[in-house]
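Comments concern the structure below.
The values are calculated or read from the model by the stated rules, or taken from the named source; none is laboratory data. What you are looking at is a predicted structure, and each value in this text was computed from that prediction instead of being measured. Don't worry about glycine lacking a Cβ; one is built from the backbone with ideal geometry, like all the others, and counts go over all protein chains shown.
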Amino acid sequence: MNILFITATRIGDAVLSSGLLARLVERHPGAKITIACGAPAAPLFSEVPGLRRVIVVRKRPAKLHWLRLWSDCVGRRWDLVVDLRRSALAWFLRAGERRLPPKSDATTHRVALLGRTLGLEPPPAPRLWTAPRHEDAAARLLPGGRPVLALAPTANWPAKIWPADRFAELARRLAAPGARLAGAAVAVTGGKEEDALARPVLDAVPAGQGIDLIGLDLLTTYAVLRRCALFVGNDSGLMHLAAAAGAPTLGLFGPTRDLHYAPWGPRGAVLRTEESVDDLIGAAGFDHKTAESLMGSLTVEAVERAALALTRRCAEADDGREAAGSR
């Protein structure tokens, strides 16, 4: 069976689509899967079972990237085409079945919306696949016997970024003697092109306490996050990666809609700015590419309280599962 899975350009949306892909893998054992996605997201899919090929879609003028993708796919007959981009491409390929998600609406989380592509309720949670080399690298990076606090102080546009000095102060408080994560190592994440945003947070961590994950490949980062006691980050692809990994994930939101993009799953939580999205971006002339941070009303104290509440909730849930399993 040949399956073409067309997903997102950006990391976060691609992660959110991974649960749907996992369901296809489970439903069709032995299927050969071709994935089309943007360059930033492509490394997420290198270990998908049954993977035939990852086609990197690079944006071109006049939407000519769709013509290029068509030329890459037209020579094969597809048993199933799942096009999460809702393009016309699926209708110009030989396919036994075509599936597209419904249009987004004002009240539906992206994962739930994608689940409707295959009529899945509840929708499948995001998940990724790693190889032993990713797990081994993660184990080497992390200290034994200490909890790990992961921070992602970056995002794809400045207005979403909580100030770096507040991330550093949060780490100091959460890992202080007697605190919930006393003595924790602090892992700072970010893409290799985001070093200038992430490095100040890492540099503020006391010597011997920081772990540099800046520029680390995505699947090793995913393996690291699976081992973390807590993740705190801006609304970003790394936030969704942490939630998919099962880490207690606190997402910080301001000028973006958490209703659509909150960390998915029972181990996720959201803390919003005092202002609504409309309050923050409703001003005439707002440009997300140039606007400075709009996250200023989120205090360190508020984020600390939310982080502690999340870790307690997750610990209680884990204890409850352990107690139920011992009966």
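In region 283-327, how many residues are assigned to a loop (DSSP other than H, G, I, E, B) and surrounded by 11 or more Cβ atoms within 10 Å (Cβ to Cβ)?
So the count comes out to 10.
Taking the criterion of being surrounded by fewer than 19 Cβ atoms within 10 Å (Cβ to Cβ) and of a type outside the set (Gly, Ala, Ser), would at least one residue in region 231-251 satisfy it?
No, region 231-251 has no match at all.
Conditions first: (1) surrounded by fewer than 16 Cβ atoms within 10 Å (Cβ to Cβ); (2) of a type in the set (Gly, Ala, Ser); (3) out of contact with any Leu (no Cβ under 9 Å at 6 or more places or on another chain). ALA179 passes all but one, so which condition is the exception?
For ALA179, the exception is condition (3).
Report yes if ARG58 is surrounded by fewer than 18 Cβ atoms within 10 Å (Cβ to Cβ), closer than 11 Å to LEU4 by Cα and of a type in the set (Lys, Arg), otherwise no.
In short, no.
Could you say whether any residue in region 177-191 is charged (D, E, K, R) and under 21 Å from THR290 (Cα atoms)?
No, region 177-191 contains no residue that is charged (D, E, K, R) and under 21 Å from THR290 (Cα atoms).
THR273: buried (at least 18 other Cβ atoms within 10 Å of the Cβ), of a type in the set (S, T, N, Q) and in the same structural domain as GLU301 (by TED's automatic domain parsing), yes or no?
Considered against the rule, which asks whether it is buried (at least 18 other Cβ atoms within 10 Å of the Cβ), of a type in the set (S, T, N, Q) and in the same structural domain as GLU301 (by TED's automatic domain parsing), THR273 comes out as yes.
Suppose we keep only residues that are assigned to a strand (DSSP E or B), without any contact (Cβ under 8 Å) to a residue 60 or more places away in the chain and closer than 27 Å to PHE45 by Cβ within region 194-245. Which one would you say is farthest from the chain's Cα centre (by Cα)?
The qualifying residue farthest from the chain's Cα centre (by Cα) is ASP212.
Going by the structure shown, is ALA196 at pLDDT 95 or above, surrounded by fewer than 21 Cβ atoms within 10 Å (Cβ to Cβ) and not assigned by TED's automatic domain parsing to the domain that holds GLY254?
In short, no.
Restricting attention to region 22-56, which residues are in a helix (DSSP H, G or I), among the hydrophobic types (A, V, I, L, M, F, W, C) and touching a Pro at 6+ places or on another chain (Cβ under 9 Å)?
ALA22, VAL25
Out of the helices (runs of 4 or more DSSP H) lying entirely within region 57-141, which hold 3 or more residues that are touching a residue at least 60 places away in the same chain (Cβ under 8 Å)?
110-115, 132-141
Of these, ALA155, ALA168, which one is buried (at least 16 other Cβ atoms within 10 Å of the Cβ), at pLDDT 95 or above and part of a loop (DSSP other than H, G, I, E, B)?
When all the criteria are applied, what remains is ALA155.
Can you tell me which residues in region 1-21 are surrounded by fewer than 24 Cβ atoms within 10 Å (Cβ to Cβ) and in a loop (DSSP other than H, G, I, E, B)?
Selection gives MET1, ALA8, THR9, ARG10.
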